[in-house]
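Notes to accompany the following structure.
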Ligand SMILES: [Zn+2]
C-alpha cells in the first residue's frame, strides 16, 4: 500500500465521519486486501487492528499517519573481485531496514545481512556457484512488521564470453551483454543505438564512468566475415570489467575508466555476421532473404562481408561517397544508393555525432580483419597528431605492420568509416586488422590475437586521458 492509498483512506474517513463504523470497517478491509494483492509479501497485516485503529481515529477526531507496507526494492550486483560481490538495492519507500537473504543451489534461504544501508558486500562467494538473493524491505509499526520482498535474482562469478569456438554469434552477444549487466551493474550500461535491416540490435556497451567527461569509441565487426573482432571486443570488455579493481597488463583499470567511458559497438553488422556464420536462411525477413539469394556471393556466404541488403558498410559512410560504387549489391564492395542508406551506418554515425556534440569523444578504434596491420594515416592538424599517437602506441603494443603503404593510388576509399570519423566528426581514429589467415579467421588464431590486443583499448584510453 502506498501513501496515496493511505491518504485515500484518511480522506474517505474524514468525509464519512457521520456514517456508521461498519462502512469504515468495510473500507479498510478492501484496502488491506488490495495491498495484499499488490505486495509480494505481507508479514503481518491484522485486518481487525486496522479497522480498530480507523474507528479510534474517527472517535478521537484527528487522522493519525498509518503504517505503510514498504515498497519492493530492486536488486543489482557488481562483482568486486574473484570472491566478492556487492549486492545493492533501490531505496524502498516506507522501509526502516533491509534484510538480505541468500541461497545456494538447493539449500534454503538464509539471512546474510540486516541493515539500514542500500548495499552489502558478500565476501563469501565462490567462482562457478550460482547464488540467489532477495531483499526484504521492512518496517515495524505498533509491534507489527510490514514488509515486502524484492524479486529474487541470481548471481554467478564466471567468464561469460566464449573464445574457444569460432562462430561467436549475435545471440551469444545478446546473452553475454545481459550477463555483463547483471554481474557488473556499476561498471557497465547498455544502449541499443539502432536496428539492422533484419531487426537485430546494434548495441552500444559503455564501460566505466558513465558521467566521465571523456569517451573513446571502439567499433567491431563492420564487415560480416570478420566476426572474430566482435569476439575480441567482448573479451576485452569482460577483461576490463573483471579487473576493474585490479589491473590489465600493468594498467590500473579503474584509474582509466573512472575518467574515460569506453563505448563499444562490438557487432556493427549483426545481419551480415549471421549470413556469414549460418547462411541466408537465417535472415528472418522474407523479402530480404529472397533478394539475398539472387546476389553475387550467395553461393559462398561464409566469406560474406556486406549487410543483409548487400551493402558494404565500410563503403556506405558519408565521406568521399559515390553512389552505386562497386558494381551491384552482393557479398562485398557495393557502396549503396546513397550515403548512410543503411540503418547500421546511421546507428554508428548517430552515436559518433552524439559523442561529438557532447564534446567527450577523444578517439575511435576500428577493428577489422585480417593482415595484422595498423592504419593511422590521414587527417590534419590536431586530429592527425592524435591519430599518429594512437597509431604508434597500437603498433608498439601489437607489433602489427604499418598500413601506410596500403594507401590506394586511385584516391581515398569510397564511404570509409575511418575517413568519415577523421574528416566529418574530426576525431582521431585508427584501424587495426587482426589475424594472419583468411576470413573468417580460424579459432586457432584467437590466442595470439588476444595476447596482442587484450590491453590495447585500455592503453589507448589511457593515452587519450
Ligand atoms: Zn574489414
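Some observations on this one:
- Subset tally (residues that are part of a loop (DSSP other than H, G, I, E, B), more than 16 Å from the ligand (Cβ to nearest atom) and in contact (Cβ under 8 Å) with a residue 60 or more places away in the chain) for the stretch 286-318: 3
- Checked against the criterion of being surrounded by fewer than 18 Cβ atoms within 10 Å (Cβ to Cβ) and either more than 16 Å from the ligand (Cβ to nearest atom) or touching a residue at least 24 places away in the same chain (Cβ under 8 Å) (or both), the candidates 438, 376 yield just one match: 438.
- Flag for residue 347 being within 29 Å of residue 165 (Cα to Cα), crowded, with 17+ Cβ neighbours inside 10 Å, out of contact with any helix residue (DSSP H, G or I) (no Cβ under 7 Å at 6 or more places or on another chain) and in the same structural domain as residue 459 (by TED's automatic domain parsing): yes
- Residue 336 in contact with a strand residue (DSSP E or B) (Cβ under 9 Å, 6 or more places away or on another chain) and either farther than 18 Å from residue 203 by Cα or more than 16 Å from the ligand (Cβ to nearest atom) (or both): no
- Here residue 297 passes the criteria (1) out of contact with any strand residue (DSSP E or B) (no Cβ under 7 Å at 6 or more places or on another chain); (2) crowded, with 16+ Cβ neighbours inside 10 Å; (3) at positive phi except the one numbered (1).
- Lone qualifier among 413, 405, 444, 455 - being surrounded by 18 or more Cβ atoms within 10 Å (Cβ to Cβ) and either under 25 Å from residue 205 (Cα atoms) or more than 15 Å from the ligand (Cβ to nearest atom) (or both): 455
Results for (1) on the phi > 0 side of the Ramachandran plot; (2) crowded, with 24+ Cβ neighbours inside 10 Å; (3) modelled with pLDDT of 95 or more, shown as yes or no for each residue.
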site	(1), (2), (3)
216	no, yes, yes
228	no, yes, yes
233	no, yes, yes
236	no, yes, yes
252	no, no, yes
327	yes, no, no
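- Residue in the stretch 161-200 that is farthest from residue 457 (Cα to Cα), counting only those that are in a loop (DSSP other than H, G, I, E, B) and in contact with a strand residue (DSSP E or B) (Cβ under 8 Å, 6 or more places away or on another chain): 196
- The condition (being at pLDDT below 95 and either assigned to a strand (DSSP E or B) or more than 30 Å from residue 354 (Cβ to Cβ) (or both)) is satisfied by just one residue among 138, 127, 147: 127.
- The listed residue being touching a helix residue (DSSP H, G or I) at 6+ places or on another chain (Cβ under 7 Å) and more than 16 Å from the ligand (Cβ to nearest atom), out of 396, 384, 426: 426
- If the condition is being modelled with pLDDT of 95 or more, part of a loop (DSSP other than H, G, I, E, B) and surrounded by fewer than 24 Cβ atoms within 10 Å (Cβ to Cβ), then the stretch 201-210 contributes only 209.
The values are calculated or read from the model by the stated rules, or taken from the named source; none is laboratory data. Because the structure is predicted, anything quoted here is derived from the model rather than measured. Because the Cβ atoms are built from the backbone with ideal geometry, glycine has one as well, and the counts that use them run over all protein chains shown.
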